[in-house]
1. Tell me, what ³J(HN,Hα) does each residue in region 72-78 have, in order and in whole Hz, if you take phi through Karplus 6.51 cos²θ - 1.76 cosθ + 1.60 with θ = phi - 60° and put x for Gly and Pro?
2. Can you tell me the length gained on complete extension of the stretch ALA191 to LEU68, counting 0.36 nm per residue apart and subtracting the Cα distance?
3. Taking every pair of alpha-carbon atoms in region 126-168, what share in percent sits in each 10 Å bin, from 0 to the bin with the longest distance?
4. Using the per-residue mean of other Cβ atoms lying within 10 Å as a proxy for protection, in what order, highest first, do the peptides 126-134, 201-209 fall?
5. Of the accessible area of region 131-209, with the probe set at 1.4 angstrom, what percent is carbon plus sulfur?
6. Could you give the spread of the C-alpha atoms of region 63-209 along their three principal axes, from largest to smallest, in whole angstroms?
7. Round to a whole angstrom and tell me the spacing of the C-alpha centers of region 134-209 and region 70-117.
8. By the scheme Lys and Arg +1, Asp and Glu -1, what is the net charge of all other residues having a beta-carbon under 15 Å from that of ASN164?
Amino acid sequence: LAVAGLASLLVYYRFVVFPANLWKLADRPLLDFLTLVNEGVWGKVELLAVFALLAGLYFLGWWAAGKLTSRDSWWMVAGFGVAFAILLVFMFPYGAADIFDYIIHARVSTEYGANPYFTVFKNFPGDPFYTYAYWKTSPTPYGPLWEIFSALASRLAGDGFFANIIAFKALNGAFYLGSLALVAVILRRHAPQRALAGTLLFAWNPMLL
């Protein structure tokens, strides 16, 4: 379990976060992974290889967790999951522009006092996030509770690029932690023999992370 966790952490750092360092790429809007690793066949092969390796380590961790029940193994499953999530905070959000969607819709209400369900971001071309937004002409598609949380994150972050990225990743991270705890509690109560392995399936899921 420790080997799978440490190896996954290394893969995330070397092949996911390192080539997409948030601090270095902040001035390059609308990036995607293939642009970063090299367009063409080899870029696609590398992307597939990274996910295949993470999937293999994910399976190895699940297999190991199915044979363990100790308190230490629980700390390991949760600890590595949280470590992966923290590390990915420092990844430029390539291939998932949704975070900029969250930010711009929140700014419509917090910075401009407009309703994000009726007012589109295209109306604010001077905003510092304008060039990072994919959906400038679409109102928010999210529910009001999410928009309330988003507005709180936006107010805390202000106009700072890094502050907004980290604030919204932290907001998603809070839901990740809450879901992780909920999955663990439900499985420990209803399927204790599969609880650790089942919790790992959520906590270490590469696609979810």
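The values are calculated or read from the model by the stated rules, or taken from the named source; none is laboratory data. The structure displayed is predicted, hence computed values, not measured ones. Here Cβ is always computed from backbone atoms with ideal geometry, including for glycine, and neighbour counts include all displayed protein chains. Surface accessibility is based on the protein's heavy atoms, side chains included, excluding ligands, DNA and RNA. Shrake-Rupley method; radii C 1.70, N 1.55, O 1.52, S 1.80 Å.
1. 4, 5, 5, 4, 5, 4, 5
2. 42.9 nm
3. 25, 52, 22
4. Answer by packing, highest mean first, reads 201-209, 126-134.
5. 69
6. If we take the Cα atoms of region 63-209, the spans are 56, 27, 24 Å.
7. 6
8. -3
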